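Right, one structure below, let's go through it.
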Amino acid sequence: MTKVVEKVSQPENESATVTAAVQVLQGDNKKNLFARVLPFIGPAFIASIAYMDPGNYATNISAGAQFGYLLLWVIFASNLMAMLIQSLSAKLGIATGQNLAEMCREEFPRPVVWGMWILMEIMVVATDVAEFLGAAIGLNLLFHIPLFPAALITAVATFFILSLEQRGFRHLEAVITGFVGVIALCYVIETILVQPDWGQVVYHSIVPLFDGPESVLLATGILGATVMPHVIFLHSALTQGRVVTRDPGQLKRLFRFEMVDVGVAMGTAGLVNAAMLIMAAATFYRAGLSDVGTLEAAYKTLEPLLGAAASVVFAISLFASGLSSSTVGTMAGQVIMQGFLHRKISVWLRRLVTIIPTLVIISLNLDPTRTLVLSQVILSFALPFAIIPLILFTRRRDLMGVLTNHRVTTMVSIVIAALIIALNMFLLYETLVGG
């Protein structure tokens with residue numbers, strides 16, 4: 001049987017990466033393991049930046065300051081869910097050559113498609129609110145730039161980063177991966193400085209506990225900030241045309257390499273999220289400062305507790321997070337609109353539409369950190385509308401071929417979707433009745 005590997009039209013300077021990937025899929029084992037894996041690394045790192053966006057900062061710092069290490073288990077459980085869900089998203093793009101939004105448009109009735117598109121656009125706006133606010137706060141803390149112009153600077157910088165995509169996917173992947181590295185390095189430094197109680201860290205990483213409705217609200221926010229619905233759509237788009245093969249053996253091999261990408265990228269994101277909460281627990285909660293629930297207060301309080309370097313490192317990581325995740329949010333918005341409606345608007349127009357709510361929030365002097373937390377709750381409520389179609393499609397052999405979900409994979413995915421829905425319903429009940 002003749003093996004067929006195709007390359008989607010790419011800029012000329014990406015040909016080396018795609019050619020290297022093709023050679024590996026065709027059985028070239030002369031290179032070392034790192035060299036064989038490298039051509040496939042990138043899509044999950046772009047997706048992973050959304051798991052370290054300013055919404056994560058807000059929810060994790062609030063959780064750590066109020067409840068210490070109590071909700072660490074939520075971060076690790078959410079991260080495991082994210083790994084599974086992102087692997088399904090990557091697999092959908094590889095197997096079908098289409099992204100999740102395009103599949104929804106093909107398989108669902110038109111009223112459902114329109115309803116899903118509207119919901120996902122609201123979700124994208126909620127995502128952008130968190131990202132713009134985070135980057136603006138980071139600039140404000142570092143350079144004392146007022147929030148309004150700081151948000152505008154973020155919008156312009158985001159457009160510049162997105163323009164790199166015209167030069168090929170590898171340039172954008174390199175920049176986003178660089179931001180991941182900056183954020184991770186910042187939190188390695190922070191973790192060393194705070195000297196956490198590692199016994200408590202281990203205990204609360206594996207023992208699930210809550211402490212009242214507010215802890216449930218924060219847990220839901222952590223879930224919404226970790227398992228991000230917009231990158232479920234985006235990841236399938238990033239893999240759908242990167243390297244295309246119709247050979248069953250090569251499809252399996254390609255997916256295995258993508259699983260390495262997902263494991264490394266999502267594993268890094270999970271550790272960074274845990275480090276955020278650990279930092280808050282080991283500084284603010286331990287010092288009796290449970291009311292340190294805002295990013296600005298966290299920055300100002302870190303300096304007397306740990307020194308000026310710690311607060312600067314925190315602000316740098318926050319700005320890097322906001323700027324890079326806003327870039328990824330714009331990419332996801334384009335994928336969602338183009339997939340559901342077969343329409344595409346300019347990046348400038350999308351930036352303008354999505355930045356308006358952030359500017360309104362800043363103008364009204366609303367609490368930025370509380371707004372970030374609530375935006376993540378909105379994302380959590382949108383999750384089932386991304387996860388359920390993903391499970392439905394990836395379990396179908398007529399769509400997925402040799403990459404069809406194993407029955408166990410489908411069952412675990414269903415349990416995850418059910419847990420997310422149940423947590424949201426419990427939160428709604430506690431908010432409206434129990435509170």
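Annotations for the structure displayed:
- Equivalent-ellipsoid semi-axes of segment 42-434, from the Cα gyration tensor, Å, largest first: 32, 23, 20
- Order of PHE132, PHE76 under a 10 Å beta carbon neighbour criterion, fewest first: PHE76, PHE132
- Proximal charge balance of VAL328 [Cβ under 14 Å; K/R count +1, D/E count -1]: -3
- Here the Karplus curve 6.51 cos²θ - 1.76 cosθ + 1.60, taken at θ = phi - 60°, turns the phi angles of segment 48-63 into couplings of 5, 4, 5, 8, 10, 7, x, x, 5, 4, 4, 5, 5, 5, 4, 5 Hz, with x standing for Gly and Pro.
- Measuring between alpha carbons in the structure, the pairs from LYS31/LYS91; LYS30/LYS91; LYS30/LYS344 lying more than 31 angstrom apart are LYS30/LYS344.
- Subtracting the Cα-Cα distance of GLU107 and ARG246 from 0.36 nm times their residue separation leaves 47.8 nm of extension gain.
- Note on segment 145-222 and segment 13-70: Cα centroid distance 14 Å, given to the nearest whole angstrom.
- For THR409, THR245, order by how many other beta-carbon atoms lie within 10 Å, fewest first: THR409, THR245
- Cβ-Cβ FRET estimate between VAL156 and LEU80, R0 fixed at 35 Å, reported to 0.05: 0.40
- Farthest toward the positive end of the dipole of segment 228-379, out of LEU234, ILE356, PHE340, is the Cα of PHE340, where the dipole comes from beta carbon charges about the Cα centre.
- In the chain, taking the dipole from charged Cβ atoms about the Cα centre, the farthest positive-side position among THR268, PRO208, MET83 is held by MET83.
- Counting every other Cβ atom within 10 Å of each residue's Cβ, CYS104, CYS186 order from fewest to most as CYS186, CYS104.
- Under 5 Å between amide hydrogens, built in the peptide plane, is the criterion, and for THR245 it picks out GLU6 among residues at least 5 positions away or on other chains.
- Length released on extending from THR410 to ILE118, taking residue separation times 0.36 nm less the Cα-Cα span: 102.4 nm
- Cα centre as origin, Lys/Arg/Asp/Glu Cβ charges: segment 42-434 dipole, Debye: 1260 debye
- For segment 205-271: rounded, prolate or oblate by the Cα gyration tensor [a/c cutoff 1.5]: prolate
- Listed residues SER290, ILE49, LEU164: farthest to the positive end of the dipole of the chain (Cβ charges): LEU164
- Across the chain, the relative contact order, built from alpha-carbon pairs under 8 Å that are at least six residues apart, equals 37 percent.
- Derived scalar couplings between HN and Hα for segment 320-327 equal 4, 5, x, 5, 6, 6, 5, 4 Hz in order, rounded to whole Hz, by the Karplus curve 6.51 cos²θ - 1.76 cosθ + 1.60 (θ = phi - 60°), x for Gly and Pro.
- Pairwise centroid distance, computed over Cα atoms, of segment 293-341 with segment 103-132, Å: 24 Å
- Cα shape, segment 319-392, gyration tensor, a/c 1.5 rule: oblate
Every number in this text was worked out from the coordinates using simple rules, so none of it is lab data. Worth saying up front: this structure is predicted, and the values here are computed from it rather than measured. In this analysis, Cβ positions are derived from the backbone assuming ideal geometry, glycine residues included, and neighbour counts consider all displayed protein chains.
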